[in-house]
Amino acid sequence: MTNKIRGHYSAGMLEQLDALEAKLQQMLERYRLVGEENLQLRQRVLAMEKANRQLSERLSAASTRMESLLDKIP
């Protein structure tokens, strides 16, 4: 807050405004950090979904091979 504007407020009110400003800055920083964490988590979910699809495909292929082998047993 500029000194010109600060002149219109009492000392107690200025302290409250300063405390509010500090809390807002802290909240904005937490918001930014949560946004970054959210992005990282989304990227991890995408990677895990891809790995899950790959494992499912491998499992399906192995199951098909097993069925084929079982069909050959007399």
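If you go through the stretch 40-54, how many residues are open to solvent by 100 Å² or more (accessible area, probe 1.4 Å) and of a type in the set (A, V, I, L, M)? Of the residues in the stretch 40-54, 2 are open to solvent by 100 Å² or more (accessible area, probe 1.4 Å) and of a type in the set (A, V, I, L, M).
When you scan the stretch 7-20, do you find a residue that is without any contact (Cβ under 8 Å) to a residue 40 or more places away in the chain, in contact with a Leu (Cβ under 8 Å, 6 or more places away or on another chain) and not in a helix (DSSP H, G or I), even just one? Give the steps one after another, and end with the answer.
Pass one, the stretch 7-20, residues without any contact (Cβ under 8 Å) to a residue 40 or more places away in the chain: 7-20.
So of that shortlist, the ones also in contact with a Leu (Cβ under 8 Å, 6 or more places away or on another chain) come out as 9.
Then drop every residue that is not not in a helix (DSSP H, G or I), which leaves 9.
Yes, the stretch 7-20 contains a residue that is without any contact (Cβ under 8 Å) to a residue 40 or more places away in the chain, in contact with a Leu (Cβ under 8 Å, 6 or more places away or on another chain) and not in a helix (DSSP H, G or I).
The values are calculated or read from the model by the stated rules, or taken from the named source; none is laboratory data. Remember, it's a predicted structure, so these values are computed and weren't measured experimentally. In this analysis, Cβ positions are derived from the backbone assuming ideal geometry, glycine residues included, and neighbour counts consider all displayed protein chains. Surface areas here come from the heavy atoms of the whole protein model, side chains and all, with no ligands, DNA or RNA. Shrake-Rupley method; radii C 1.70, N 1.55, O 1.52, S 1.80 Å.
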